[in-house]
Every structure is written in structure tokens, then in C-alpha cells.
Amino acid sequence: VAHAQPRGERQRDRQHGEAKQLPAAGMGDVMQDERDHLPADHEHDDDEGGDAGAAVTFTKQDGQWTRQQKLVPSTLEAGDFFGWSVAIDGDTIVVGAPDEKSSASGVNGDQSNDGAPFSGAAYVFVRTGTNWTQQAYLKASNTKSEDFFGFAVAIYGDTVVVGAPGEN
């Protein structure tokens, strides 16, 4: 099980199956779970516009890490900061985008209305074979501007926790 707290200390005890921060020159922060899967956050990726963000998975084969897949959410716009936080548990990855701007609420809501700047979102991806696909789009139940939902994410089994430091 791995979880991430953006820009915080991520050194944990590997002996108990916990996460450990790994170096990744130029790739943002990286988390490794107890298996051979590695999600890397890269919140400043500009493929979809300035600071849209990205998350990239890597797998370990024959002792070498290789790039597996760039995770792309159902909607991604400039300034979303997708990849600000990442967490992995087995075949499930959660990626936070704290500056996403949809006014949707709950699970899999309407992502097209950009009426809540900096409200934030989290995306759940599930791996089948070697492919990661988006399973859910998560928003707060009371979405408001400047909540920054997705600033921190964690996953354990079937439970996802999403931090929103601007919620009041």
C-alpha cells in the first residue's frame, strides 16, 4: 500500500509493506508500493496546456524500471495540476488535481461546467493487464471554489481518502 502527501516527508518502513520515496530526476515525486509498480506525479506537464499535469506509471522488469503508461483523465485542462498527489494500492491508483475547476459534486458528476475554480478533483484508475483506465471521477459532496480537493490522496483497499485544505 502506498499513499502520498504532496511535498511532505514520504519515507516509510519498507519492511512492513509501506511506501518509500524514490528519486526521479525531473519527474516530480514518486511513490512505490510493495510490488513492482510505480506511479510518478508530474503536475507541471503541459501536453494539455500550461500546468495541466500528468501521472505516469512504471513497472519493474528484470530489475529495471520501464515506463508503462501515461495516465490521462477524462477531462484535463490547463491549470488543473493533475498529478499533484498520487497514491497506489495494488491495481488501483488515485491521482489528485487540486486546481480542477468543475462544479460537479460526488462521483462521476458532470465535468463540463467550469464554474468552481480551484475546487479540485481526484481520479481513480484501475489496471487490467498492462492497461490503466479511469474508473471514477471524484469531487466533494459540497463543491466550492478554492477547496483544493485532491491536494492529498490516499488509498487502502476499497477506501479512498481525498484531502481538501481549502474546505471550510
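The values are calculated or read from the model by the stated rules, or taken from the named source; none is laboratory data. Only a predicted model underlies this, so the values are computations on that prediction, with no experimental measurement involved. Every residue, glycine among them, receives a Cβ derived from its backbone with ideal geometry; neighbour counts consider all protein chains shown. To get the accessible areas, we keep the full protein, side chains included, count just its heavy atoms, and leave off ligands, DNA and RNA. Shrake-Rupley method; radii C 1.70, N 1.55, O 1.52, S 1.80 Å.
In summary, Asp45 fulfils each of the numbered conditions (1) modelled with pLDDT under 95; (2) assigned to a strand (DSSP E or B) with the single exception of condition (2). Checked across region 97-110, the condition of being open to solvent by 30 Å² or more (accessible area, probe 1.4 Å), farther than 14 Å from Val126 by Cβ and at pLDDT below 95 holds for at least one residue. Residue count for region 56-86 under the criterion of being closer than 24 Å to Val107 by Cβ, open to solvent by less than 30 Å² (accessible area, probe 1.4 Å) and either β-branched (Val, Ile, Thr) or in a loop (DSSP other than H, G, I, E, B) (or both): the result is 6.
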